[in-house]
Amino acid sequence: MFLFRDPAKSKIPSASSALPGRSTPIPTSDRHFVNGRPLAGPYPDGLEVVDLAFGCFWGAEKDFWSLPGVWVTAVGYQGGFTPNPTYEEVCSGRTGHAEAVRVVFDPKVVPFEELMRVFWEDHDPTQGMRQGNDVGTQYRSAIFVHSPEQRAMAEASRDAFQQALTSRGFGTITTEIVDAPEFYFAEDYHQQYLAKVPNGYCPLHATGVKLPADFKVTPLAYVD
């Protein structure tokens, strides 16, 4: 049996060909279904934000919401062109967005390196525009950073994980590491989906490869 896959869904559209979207945000939850905290803030002082994309965002979000030091999580759409998209529009492949998880965390409790460990070890970052049988631009791997320090740690962890992957016969990492663009919160029913539907769809595409614990971050060079 052959499965039909639209090749257009595996190519990010141009800004001119992307869907127009809308000027107002789509309705979503105000508070986290599990811990009751506000999804969109305001967040307490001292917390940081990082946005991560690595396949279906239902399972990806669950990886983080119970991690000690993570204050709140949310799912949304990011990295494309269409403002305030719907889930159906993102799945069409015509927005350029990835399914992303916003992680708001206390770096004094959970270091960024630990978030990177969960990220790299819980998906296959060599698959391009897919994770397993989930195929399309929305399933691509990406780290949307919110500071130069996050970028430096993300890149160092990528390089270390690439070495570990290569030693196990895997290919080249395709993960984007870019400054965080606008994050569009997904619809209410997607937020903390696997807490609402415990037996819901939650594929695991981990490689079994571990991120080396001693990876090194290149010091940032500051120019006066």
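The values are calculated or read from the model by the stated rules, or taken from the named source; none is laboratory data. Just so it is clear, the model here is predicted, and its values are computed rather than measured. Heads up, the Cβs are rebuilt from the backbone with ideal geometry, glycines too, and the neighbour counts pull from every protein chain shown. Heavy atoms of the whole protein, side chains included, go into the accessibility calculation; ligands, DNA and RNA do not. Shrake-Rupley method; radii C 1.70, N 1.55, O 1.52, S 1.80 Å.
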Where a residue in the range 195-215 is of a type in the set (Gly, Ala, Ser) and its partner, wherever it lies, is part of a loop (DSSP other than H, G, I, E, B) and open to solvent by less than 60 Å² (accessible area, probe 1.4 Å), with Cβ under 8 Å and at least six apart: ALA206/ASP122; ALA206/HIS123; ALA206/ASP124
Residue selected from the range 42-52 under the condition more than 19 Å from the chain's Cα centre (by Cα) and within 25 Å of ALA154 (Cβ to Cβ), by the criterion surrounded by the most Cβ atoms within 10 Å (Cβ to Cβ): TYR43
Top-ranked residue of the range 71-87 - restricted to ones that are part of a loop (DSSP other than H, G, I, E, B) and touching a strand residue (DSSP E or B) at 6+ places or on another chain (Cβ under 6 Å), ranked as surrounded by the fewest Cβ atoms within 10 Å (Cβ to Cβ): ASN84
In this structure, is ALA60 surrounded by 16 or more Cβ atoms within 10 Å (Cβ to Cβ), among the aliphatic types (A, V, I, L, M), part of a loop (DSSP other than H, G, I, E, B) and out of contact with any Lys or Arg (no Cβ under 8 Å at 6 or more places or on another chain)? no
Select from the range 161-176 the residues that are within 10 Å of PRO125 (Cα to Cα) and of a type in the set (Val, Ile, Thr) and write down the one among them that is most open to solvent (accessible area, probe 1.4 Å). THR172
Do you know which of the residues in the range 89-145 that are within 11 Å of the chain's Cα centre (by Cα) and hydroxyl-bearing (Ser, Thr, Tyr) is farthest from GLY208 (Cα to Cα)? TYR139
Against the condition assigned to a loop (DSSP other than H, G, I, E, B), within 25 Å of GLN150 (Cα to Cα), open to solvent by less than 30 Å² (accessible area, probe 1.4 Å) and not aromatic (Phe, Trp, Tyr), how does GLY93 come out, does it pass? no
Return a yes/no flag: does the range 154-175 have any residue that is in a helix (DSSP H, G or I) and within 14 Å of the chain's Cα centre (by Cα). yes
